[in-house]
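Chemist: Following this message is one structure expressed as structure tokens.
Where a number appears in this text, it was derived from the coordinates with a stated rule and is not lab data. The structure displayed is predicted, hence computed values, not measured ones. Ideal geometry is used to build each Cβ from the backbone, glycine not excepted, and the neighbour counts take in all protein chains shown.
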Amino acid sequence: MKHRNTVRKVEFIGKHPEFETGKEYSYVEYSNGIHNATGKKVPPSTIKQRLYRKSFCETKDLRTVEENIKGPRRGLGFDGQRRAEIQSSSRLDNKQERMMAKWLKVKL
């Protein structure tokens with residue numbers, strides 16, 4: 001059984017200017033390394049959430065919050081373009097859309 005006050009260290013695999021592949025680092029060390037490399041602060045709690053149940057840390061886990069939001073797979077309403085698309089989408093505003101929605105729910 002693990003003790004409560006032991007520091008969890010996670011092995012790093014990848015390329016980063018502050019970390020070496022194969023060495024283990026704590027959440028605080030990862031947070032400080034990101035701050036030293038980019039100048040932007042990432043809290044240790046964010047690192048902890050990203051590495052939860054992972055046996056090793058990859059380069060993609062060490063992105064800043066801004067990079068994580070603007071990443072290639074992020075289209076969930078975080079950027080302005082996607083937010084505008086969601087706001088301009090149909091909300092069953094006219095009579096034809098409401099009637100079509102009603103009849104599409106009927107079983108054949």
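Chemist: When 65, 10 are ordered from fewest to most other Cβ atoms inside 10 Å of their Cβ, what list results?
Modeler: Values: 65 12, 10 20.
Result, fewest neighbours first: 65, 10.
Chemist: Using the Cα centre of the chain as the reference point, and only Cβ charges (+1 on K/R, -1 on D/E), how large is the resulting charge dipole? Debye, rounded to the nearest 20. Before the final figure, lay out each step's value.
Modeler: Numbers: 25 positive and 13 negative charges, 148 e Å.
Computed about the Cα centre, the dipole is about 720 debye.
Chemist: Measure off 7 Å from each Cα along the Cα-to-Cβ vector at residue 59 and residue 93, then give the distance between these two points in nanometres to one decimal.
Modeler: Using points 7 Å along Cα→Cβ, the separation is 4.6 nm.
Chemist: Which order do 51, 62 fall in if you start with the one that has the fewest other Cβ atoms within 10 Å? Kindly include the intermediate steps, with their values, before the conclusion.
Modeler: Values: 51 18, 62 24.
Fewest-to-most ranking of 51, 62: 51, 62.
Chemist: With n ≥ 4 as the cut-off for DSSP H runs, can you work out [θ] at 222 nm for the chain, using -39500 (n - 2.57) per run divided by the number of residues, rounded to the nearest 500? If you can, show how the numbers build up before the last one.
Modeler: Details: 5 runs with 43 residues, N = 108.
The helix-only estimate for the chain comes to -11000 deg cm²/dmol at 222 nm.
Chemist: Test of understanding: what is the full-extension gain from residue 20 to residue 82, defined as 0.36 nm times their sequence separation minus their Cα-Cα distance? Intermediate values should be presented prior to the final figure.
Modeler: Values: separation 62, 0.36 × 62 = 22.32 nm, distance 3.72 nm.
Once the chain is fully extended between residue 20 and residue 82, it gains 18.6 nm.
Chemist: If you don't mind, another one. Counting GluC sites (Glu not before Pro) as exposed when in a DSSP loop with at most 14 other beta carbons within 10 Å, what is the longest stretch of the chain free of them?
Modeler: Numbers: sites that count: 20, 58.
My reading of the result: 59-108 is the longest stretch.
Chemist: Quantify how much of the Cα-Cα distance distribution of the chain extends past 24 Å, in percent. Before the final figure, lay out each step's value.
Modeler: On the way: 2775 of 5778 pairs.
Cα-Cα pairs in the chain separated by more than 24 Å: 48 percent.
Chemist: Could you work out the relative contact order of the chain, using alpha carbon pairs under 8 angstrom and six or more residues apart, expressed as a whole percent?
Modeler: Working: 93 pairs, mean separation 19.2, N = 108.
Rounded, it is 18 percent for the chain.
Chemist: To continue, here is another question. What residue among 83, 50, 91 shows peak mean-square fluctuation when the chain is described by a Gaussian network model with Cα springs under 10 Å?
Modeler: Comparing 83, 50, 91 in the GNM, the peak value goes to 91.
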